[in-house]
Amino acid sequence: MAKVTFTCSNCGASHSKWAGQCDSCMEWNTLVDQGPLSAGPGKTLGGKRGRTITLTDLATVEEPPARTMAGVAELDRVLGGGLVKASAILVGGDPGIGKSTLLLQAAARFARNRLKVIYISGEEATAQVRMRAQRLDLSESPVILAAETNLRDILTTLDAEKPDLVIIDSIQTMWADHIDAAPGSVSQVRSSAHELTGYAKRKGVAVIMVGHVTKDGQIAGPRVVEHMVDTVLYFEGERNHQFRLLRAVKNRFGPADEIGVFEMTGKGLVEVKNPSALFLSERGKRTPGSAVFAGIEGTRPVLCEFQALVAPSPHGQARRSVVGWDGQRLAMILAVLEARCGIPFTGLDVYLNVAGGMRVTEPAADLAVAAALISAREDTALPSDAVIFGEISLSGALRPVSQAENRLKEAQKLGFCQALAPAAKKLEEIAGITLRPMDDLVQFVEDLFGSR
Ligand code: TYD
Ligand code: MG
């Protein structure tokens, strides 16, 4: 007899025994009996034959999906070049970061470009949404508005209205009456997202869903929602900075990792056309601990500044504090600096920060982080006309990174004269910028801070 298995409805992990908690994602009450694994259509599907499906080849040429531009370059780029029909998009972000503002502005733009847009708020009354629209000077936009949480009523209305774009703010407030659970619970969020995604595909409508994030920064509710939709965008930024990043973490219709940069103003979000200039704008002259990293976000080069502060630790346990970069990666770089270059950080507090509220995920920033750390520790400024990039391996060797040429071009555009980067064979010299190639971290330290 085939074995009965249990599957977690949140993360999909299989278990041989039932348990109250899934030991893979730690959710409670999510294990469901999946019945015996299929032994082929003969038994479990009742012995009935299905229809033969159509098989095709790879060479068939398909039309690229039709797209509608919002006319906001930062948004269109993150969507992969405009909004695609019949697509489901999830926009996650902290409460108060500006999701409703972004989507109301986007709704108005798409409506102006002759899409029929319905904005359904499950969180705010229509009066509140209207007030926001007034503040944004969008009261005259032909966006259709509703405040509702009942999914059955919403879908019935949408079937009658036949919109081109539907915005659901937020998926956690939706309530499907065939599920016996509170709104926001794992099963409600999953089935609401499932119904809305199904509706998008069936009717050829674009559906944008807002999702709240949990404390650890993930979209609240089941992970499977992210697998259901075509595109997952995160709207992020520090509350006390006015800059906001819209980041594609998954996109079936375009490149992932693409970012759009906005500034939150008194009149809503304004796009930032040249983020590098913005992230470097507060930079003073030649301060120790400051290093300019030439990064790539998606398809676009973005320069930003790493700031490090190293100070004797008054406590037994030295502090490691990071904003905008991965703490584990910082620990690794500190270990490599100590083991390969003989630069210890024991007994020293280390603070690392990416200026302007930017968050960097590329390992290509390793060398810039190392440079900022050594510069802070030695109290010696780095050359102010230099950008830095390169990945550091555990041996202390520097690894070349992708798109070096684009990084150099952006640096040159912003007036930098030299680049400190791993030696790369075919990298032709970009006009006006000198590449100082480095083989490993030891050579880098000697070159910049003299032999120690
Ligand atoms: P909101 O879009 O409501 O955030 P979310 O939907 O992600 O919870 O925006 C929240 C903040 O944005 C709020 O604190 C006020 C600020 N804000 C502005 O600064 N300017 C504006 O024009 C608007 C509409 C909001
Ligand atoms: Mg909101």
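Quick note: the coordinates plus some simple rules give every number you see, no bench work behind them. Since the structure is predicted, the reported quantities are computational estimates derived from the model, not experimental observations. For neighbour counting, all protein chains shown are included, and Cβ atoms are generated from backbone atoms with ideal geometry for every residue, glycine included.
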Checklist outcome for this item: The Kirkwood hydrodynamic radius of segment 318-396, taken as the inverse of the mean 1/r over all distinct Cα pairs, in Å, comes to 13.0 Å
Checklist entry - What ranking of Lys267, Lys99, Lys425, Lys85 emerges when the number of other C-beta atoms within 10 Å of each C-beta is taken as an exposure proxy, fewest first? => result Lys425, Lys267, Lys85, Lys99
Item to check | Mean Cα-pair separation over length for segment 235-285, i.e. relative contact order, pairs under 8 Å, 6 or more apart, % | outcome: 23 percent
Checklist entry - Rounded to whole Å and sorted largest first, what semi-axes of the equivalent ellipsoid does the C-alpha gyration tensor of segment 176-235 yield via the square root of 5 times each eigenvalue? => result 19, 17, 8
Next on the checklist: Suppose each label sits 7 Å from its Cα in the direction of the beta carbon; what would the Asn240-Arg399 distance come out to in nanometres?
Outcome noted: 3.6 nm
Item to check | 21 Å Cα-Cα reach of Lys203 towards lysines, excluding residues that sit fewer than 8 places from it in its own chain | outcome: Lys85, Lys116, Lys162
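What is the order of His212, His194, fewest Cβ neighbours within 10 Å to most? Don't skip to the end; give the middle numbers.
Details: His212 19, His194 15.
Ranking His212, His194 by Cβ neighbours within 10 Å, fewest first, gives His194, His212.
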Next on the checklist: Below 8 Å, C-alpha to C-alpha, sequence gap of six or more: please give me the relative contact order for the chain in percent.
Outcome noted: 11 percent
Checklist entry - By how many degrees, between 0 and 90 and to the nearest 10, does the Cα long axis of helix 366-378 differ from the longest principal axis of the chain? => result 40 degrees
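What size of dipole, in debye to the nearest 20, comes out for the chain about its Cα centre when the only charges are +1 on Lys and Arg C-beta atoms and -1 on Asp and Glu C-beta atoms? Don't jump to the answer; show the numbers that get you there.
Numbers: 50 positive and 51 negative charges, 179 e Å.
The dipole magnitude comes to about 860 debye.
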Checklist entry - Quick one: Karplus J couplings for segment 414-424, per residue in order, coefficients 6.51, -1.76, 1.60, θ = phi - 60°, nearest Hz, x for Gly and Pro? => result 8, x, 7, 10, 9, 10, 9, 7, x, 5, 10
Next on the checklist: Need one word for segment 392-452: rounded, prolate or oblate. Basis is the Cα gyration tensor (sqrt eigenvalues a ≥ b ≥ c); a/c below 1.5 gives rounded, then a/b vs b/c decides.
Outcome noted: oblate
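Please label the shape of segment 363-423 as rounded, prolate or oblate, based on the square roots a ≥ b ≥ c of the eigenvalues of the alpha-carbon gyration tensor (a/c under 1.5 means rounded; beyond that, a/b larger than b/c means prolate, else oblate). List each step's numbers first, then the result.
Working: a/c = 2.66, a/b = 1.10, b/c = 2.42.
Here segment 363-423 falls in the oblate category.
What FRET efficiency do you get for Lys85 and Asp216 if R0 is 45 Å and r is their Cβ-Cβ distance, rounded to the nearest 0.05? Spell out each step's value before the answer.
Details: r = 34 Å, r/R0 = 0.75.
Calculated transfer efficiency: 0.85.
Rounded to two decimals, what ratio of Rg to Rh does segment 112-267 give with C-alpha atoms and a Kirkwood Rh? Please list the in-between numbers first.
Values: Rg = 15.9 Å, Rh = 16.7 Å.
Expressed as Rg/Rh, it is 0.95.
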Next on the checklist: Quick one: 3J(HN,Hα) in Hz for segment 138-153, Karplus 6.51/-1.76/1.60 with θ = phi - 60°, rounded, Gly and Pro as x.
Outcome noted: 10, 4, 7, 5, x, 8, 8, 10, 8, 10, 7, 10, 6, 5, 4, 5
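Length gain on complete extension for the stretch Leu414 to Glu161, per 0.36 nm per residue less the alpha carbon to alpha carbon distance?
Values: separation 253, 0.36 × 253 = 91.08 nm, distance 4.95 nm.
Result for the pair: 86.1 nm of gain on full extension.
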Checklist entry - Zone of Ser281 (label point 7 Å along Cα→Cβ, backbone N under 20 Å): which residues in segment 93-107? => result 98, 102
Checklist entry - So what is the 222 nm mean residue ellipticity for the chain from helices alone, if each DSSP H run of at least 4 adds -39500 (n - 2.57) and you divide by all residues, rounding to the nearest 500 deg cm²/dmol? => result -8000 deg cm²/dmol
Checklist entry - Once a ≥ b ≥ c are taken as the square roots of the eigenvalues of the Cα gyration tensor of the chain, is the result rounded (a/c under 1.5), prolate (a/b larger than b/c) or oblate (a/b not larger than b/c)? => result prolate
Next on the checklist: As an exercise, identify the trypsin sites (Lys or Arg not before Pro) in segment 303-386 lying in DSSP coil whose Cβ has no more than 12 other Cβ atoms within 10 Å.
Outcome noted: Arg319
Item to check | Set of lysines with alpha-carbon distance to Lys425 below 19 Å, sequence-local pairs under 8 removed | outcome: Lys409
Checklist entry - Relative to the present Cα-Cα distance, how much length would full extension add between Ala125 and Cys11 at 0.36 nm per residue of separation? => result 37.7 nm
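How big is the charge dipole of segment 135-244 about its Cα centre, in debye rounded to the nearest 20, if each Lys and Arg gets +1 on its Cβ and each Asp and Glu gets -1 on its Cβ? Spell out each step's value before the answer.
Details: 11 positive and 16 negative charges, 50 e Å.
Dipole size: approximately 240 debye.
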Checklist entry - What list of ³J(HN,Hα) couplings, whole Hz, do you get for segment 351-356 from phi and the Karplus terms 6.51, -1.76, 1.60, once you set θ to phi - 60° and write x for glycine and proline? => result 10, 10, 8, 9, 5, x
Checklist entry - Taking amide H positions as placed 1.01 Å from N in the peptide plane, with prolines and chain starts having none, which residues 5 or more places from Leu435, or on another chain, fall under 5 Å of its amide H? => result Ala419
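In the chain, what % of DSSP beta bridges are antiparallel (nearest 5)? Mind dumping the intermediate values first?
Numbers: 43 of 82 bridges.
Of those bridges, close to 50 percent are antiparallel.
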Checklist outcome for this item: Taking R0 as 51 Å and r as the Cβ-Cβ distance between Ala423 and Arg320, the FRET efficiency 1/(1 + (r/R0)^6), rounded to the nearest 0.05, comes to 0.95
Checklist entry - What percent does the relative contact order of segment 290-440 come to when contacts are Cα pairs within less than 8 Å and at least six residues apart? => result 25 percent
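Taking R0 as 60 Å, what's the FRET efficiency between Asp379 and Asn113 from their Cβ-Cβ distance, rounded to 0.05?
On the way: r = 55 Å, r/R0 = 0.91.
It comes to 0.65.
Can you tell me the length gained on complete extension of the stretch Asp137 to Ala181, counting 0.36 nm per residue apart and subtracting the Cα distance?
On the way: separation 44, 0.36 × 44 = 15.84 nm, distance 3.90 nm.
Extra length from Asp137 to Ala181 when fully extended: 11.9 nm.
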